[in-house]
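Q: Once you've had a glance at the structure underneath, I'll fire off some questions.
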Amino acid sequence: MKYVLPISVVLCVFASFASHAFYPNKAKYAVSLSFDDARKSQVDIGIPILNKHDVKATFYLMPYHMQGKEQQWKQAADAGHEIANHTASHLCTGNFRWLRKQNKGLEQSSLSFLKQDIKQAQQYIETHTGAAPKGFAYPCGQTFVGRGTEVKSYVPLIAETFSYGRTWNDETANDPFYYDPAQIRAFSMDGKTFEQLKALIEQAKFNNAWIVLAGHEVGKKGPYTVDEHALQQLIQFLKDPKNEYWLATVNDVHEYINKKHE
Ligand SMILES: [Zn+2]
């Protein structure tokens, strides 16, 4: 005779392994699309693609790159895209050649400089878009100032100033039951085909995982460019209800999770 497990045991075991619908529209996973630096191709190519598919994304802006495109950035804010802060000076490790040439770098910087730099960007962004950023993305995903024994984290400064901070080039999705809002993890979506992006998402997802993707330019495939065709295919894939993803801005997902935990 075949041994049959009682149905209650089967259901219980199944429930403990299967993820449940945690997000809106019965979605089991959340995905946010984000773009850094206010590159011109984002307003010229990226935002029209997002608008065509009625998708909202998050943009971490820098005043320097916004110049000449302020009107388009205001339109993006008015259309419901999330407008966020990416500092004015974009300091990363001074090992980058472009910072060495200017004698700049996080190693020689201070918390007070960063505080001022972030404030300057916040004021410019707010003046030109009408949106007050609630979110921040760490330039190059780096969260420190100083050298050696004098290194300080600027994560506490971001935690005090913003609702959340996003890093970059990480290797994991966010666990909605664990993540620190001051260090939301993100994968790079630059230079990838749709198949590679799909594989990345499918590999990264776990029970109710929140996957944040971050890119730079939008257009023809390149090392710092989100391929425009891959982006369209990715949006179609994520919007298909059978794939069980909720596609929303970083701040919207963060606030949604926050409310669920109240
Ligand atoms: Zn950047």
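Q: Would you be able to tell me the number of residues in the range 36-67 that are part of a loop (DSSP other than H, G, I, E, B) and within 11 Å of the ligand (Cβ to nearest atom)?
A: The first filter runs over the range 36-67 and keeps only residues part of a loop (DSSP other than H, G, I, E, B), leaving 37-39, 53-57, 62, 67.
If we keep only those that are within 11 Å of the ligand (Cβ to nearest atom) too, we end up with 37-39, 62.
Number of matching residues: 4.
Q: Residues in the range 70-91 that are among the basic types (Lys, Arg) and either closer than 30 Å to Ser112 by Cβ or buried (at least 21 other Cβ atoms within 10 Å of the Cβ) (or both): how many? Before you say what the answer is, go through the steps one by one.
A: Of the residues in the range 70-91, the ones among the basic types (Lys, Arg) are 74.
Next, from what is left, pick out any that are either closer than 30 Å to Ser112 by Cβ or buried (at least 21 other Cβ atoms within 10 Å of the Cβ) (or both): none.
Number of matching residues: 0.
Q: Search the range 133-149 for residues that are near the ligand (Cβ under 9 Å from one of its atoms) and pair each with any residue that is outside any loop (DSSP other than H, G, I, E, B) and among the small types (Gly, Ala, Ser) when their beta-carbon atoms are under 9 Å apart and the residues are at least 6 apart or on different chains.
A: So the pair list comes out as Ala137/Ser34; Ala137/Ala84; Ala137/Gly165; Ala137/Ala214; Tyr138/Gly165; Gly141/Ala214.
Q: How many residues does the range 201-215 hold that are in contact with a strand residue (DSSP E or B) (Cβ under 6 Å, 6 or more places away or on another chain) and within 18 Å of Gln232 (Cα to Cα)?
A: Kept after step one, since they are in contact with a strand residue (DSSP E or B) (Cβ under 6 Å, 6 or more places away or on another chain), are these residues of the range 201-215: 201, 204-205, 209-215.
Filter once more, keeping what is within 18 Å of Gln232 (Cα to Cα): 201, 211-215.
Qualifying residue count, the range 201-215: 6.
Q: Against the conditions (1) in contact (Cβ under 8 Å) with a residue 40 or more places away in the chain; (2) surrounded by fewer than 21 Cβ atoms within 10 Å (Cβ to Cβ); (3) on the phi > 0 side of the Ramachandran plot, where does His53 fall short? Just the number, please.
A: (3)
Q: If you check Lys205, Lys192, Lys239, which single one turns out to be free of Cβ contacts under 8 Å to residues at least 60 places away in the same chain, farther than 23 Å from Trp73 by Cα and of a type in the set (Lys, Arg)? Quick ask: steps written out before the conclusion?
A: Values: Lys205 fails: free of Cβ contacts under 8 Å to residues at least 60 places away in the same chain; Lys239 fails: free of Cβ contacts under 8 Å to residues at least 60 places away in the same chain.
Within the list Lys205, Lys192, Lys239, the selection yields Lys192.
Every number in this text was worked out from the coordinates using simple rules, so none of it is lab data. Bear in mind that the values here come from a model prediction, so they are computed numbers and not experimental data. Counting neighbours? That spans all protein chains shown, and the Cβs are built from the backbone with ideal geometry, glycine included.
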